[in-house]
Amino acid sequence: MNHQKRIKAEPFDIMQYFYREVHDPLIHCLMQFSAPIEEKTLIKAVTCSLNAIPLIGCCFDDSSRRPSWIKQNFK
């Protein structure tokens, strides 16, 4: 049995997923800091972000009848 946490996909998510065949809709990010950042601080910031917006820690799964976002254990 699959115990991965799933988040229901919205119709727009599904449309964007299939639209990728003609256009790369992925969001890219570049962060530049004016000074070095401590690794512990960065890990805390990422963890807080994942708690606030769980979707950023997920991958889209269209393999089932009901597409959904699946929580990943990114390190």
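How are the alpha carbon pair distances in the chain distributed across 10 Å bins from zero to the largest one, expressed in percent?
Using 10 Å bins, I get a P(r) of 15, 40, 29, 14, 2 for the chain.
Top mean-square fluctuation among PHE60, PHE12, PHE33, Gaussian network model of the chain, C-alpha springs under 10 Å?
Looking only at PHE60, PHE12, PHE33, the largest GNM fluctuation is found for PHE33.
First select every other residue whose beta carbon is under 14 angstrom from the beta carbon of CYS58; then total the charges, Lys and Arg +1, Asp and Glu -1.
Net of charged neighbours comes to 0.
Once the other residues with Cβ under 13 Å from the Cβ of TRP69 are scored (Lys, Arg +1; Asp, Glu -1), what is the net sum?
Neighbour charge sum, excluding TRP69 itself: +1.
Can you figure out the FRET efficiency of ASP61 with LEU30, using R₀ = 25 Å and their beta-carbon distance, to the nearest 0.05?
0.35
Rounded to the nearest 0.05, what FRET efficiency do ASN51 and MET15 have when you use their Cβ-Cβ distance and R0 = 30 Å?
0.65
Can you tell me which lysines have their Cα less than 23 Å from the Cα of LYS5? Leave out same-chain residues fewer than eight positions away.
Within the straight-line cut-off, LYS5 pairs with LYS44, LYS71, LYS75.
Taking the Cα centre of the stretch 6-71 as origin, work out the dipole magnitude from +1 charges on Lys and Arg Cβ and -1 charges on Asp and Glu Cβ, in debye rounded to 20.
Approximately 300 debye in magnitude.
Pick from ILE56, ILE14, ILE43: which residue has the top mean-square fluctuation in a GNM of the chain where Cα pairs under 10 Å get a spring?
ILE43
What is the order of LEU30, LEU42, LEU50, fewest Cβ neighbours within 10 Å to most?
LEU30, LEU42, LEU50
Hey, in the GNM for the chain with a 10 angstrom Cα cutoff, which one of SER63, SER34, SER49 fluctuates hardest?
SER34
Read-outs throughout are calculated quantities, based only on the coordinates presented, and are distinct from any laboratory measurement. The structure displayed is predicted, hence computed values, not measured ones. Ideal geometry is used to build each Cβ from the backbone, glycine not excepted, and the neighbour counts take in all protein chains shown.
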